[in-house]
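Let me begin by presenting the structure, written as structure tokens, before commenting on it.
The values are calculated or read from the model by the stated rules, or taken from the named source; none is laboratory data. Predicted, not measured: the structure shown is a model, and the values here were computed from it. Here the Cβ positions follow ideal geometry from the backbone for every residue, glycine too, while neighbour counts run over all protein chains shown.
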Amino acid sequence: MIQSGNGKCRILIVENDNDIRAGLAVELSQLGHSVIVESERGKALARADLAEFDLLVSDLVDQESATEPEVVRSFKIGVTSALARRTIAELHDIIVRTLSFKLQRIDAKQKPVHVREKIDLELPSDLTLMNSVLEYLLDRVANLGLIQIEQSNLFVALDEAFVNAVKHGNRNDPSKLLRVTAELSVHEAIFTVEDEGDGFDVREIPDPRDPANLFKSSGRGVLLIYNIMDEVEYSERGTRLKMVKRPEGNLAI
């Protein structure tokens with residue numbers, strides 16, 4: 001079932017054929033949508049709430065030329081040009097696909113101000129899995145629309161956190177788990193990465209900015225995480241890392 005953010009889509013059917021109008025209204029209502037019907041195009045276009053509908057279906061049957069009531073002579077979305085002849089079953093499929101496109105591609109671009117999402121993942125210590133996990137999490141962050149993924153370097157910070165947890169925390173032991181949690185909203189993205197290793201003291205990591213450590217690779221990942229994220233916090237044992245990223249300029253909704 002395709003549904004909008006409030007649980008259903010609002011559809012306006014404009015059709016002067018009583019049977020077609022009533023039948024399609026029943027079918028779409030059974031799919032969970034809110035359906036309003038009008039028999040005259042002029043009345044439909046004069047509605048004060050016209051802009052609030054997700055889909056407008058009009059002129060399903062051309063009364064002057066139609067010879068079979070089940071033949072769809074014209075199908076219009078948002079009062080655009082007519083499509084080719086369709087059966088009623090095909091019309092249903094067009095409506096479903098149109099609503100799906102709108103909800104996924106158009107409505108998704110609107111800022112979901114009140115949406116909060118929590119993701120909990122438990123994974124074996126296998127670096128080959130990390131890229132898919134990263135792409136999934138970044139896709140969920142991008143869906144909220146405020147953090148610009150490409151400019152935020154979020155991928156780099158999360159990748160460093162995952163690699164450190166798998167390689168240095170769990171020592172690449174596939175029997176040890178990696179737990180990743182993401183709490184997402186338009187205000188901030190909070191990530192926690194927890195391993196089952198022996199832990200470490202983050203204060204003992206060599207500072208890669210020190211000339212004495214210039215050729216040492218250790219510590220660079222942690223430094224990147226601190227520079228990219230707005231907040232970074234390690235647990236006392238060092239097995240749990242919490243990272244917070246906020247929209248550029250600390251935008252508030």
In region 165-181, which residues are farther than 14 Å from LEU129 by Cβ and buried (at least 22 other Cβ atoms within 10 Å of the Cβ)?
-> GLY169
Top-ranked residue of region 182-195 - restricted to ones that are part of a strand (DSSP E or B) and of a type in the set (Gly, Ala, Ser), ranked as surrounded by the most Cβ atoms within 10 Å (Cβ to Cβ) | ALA189
Those residues of region 167-181 which are assigned to a strand (DSSP E or B) and in contact with a helix residue (DSSP H, G or I) (Cβ under 7 Å, 6 or more places away or on another chain) amount to LEU178, VAL180
Please identify the pairs in which a residue from region 127-140 that is in the same structural domain as PRO174 (by TED's automatic domain parsing) and closer than 20 Å to GLU194 by Cβ has its Cβ atom under 8 Å from the Cβ atom of a residue that is in a helix (DSSP H, G or I) and β-branched (Val, Ile, Thr), counting only partners at least 6 apart or on another chain.
-> LEU127/VAL163; LEU127/VAL166; MET130/VAL163; MET130/VAL166; LEU138/ILE149
Just one of (1) outside any helix (DSSP H, G or I); (2) surrounded by 15 or more Cβ atoms within 10 Å (Cβ to Cβ) trips up ASP198, so point out which.
-> (2)
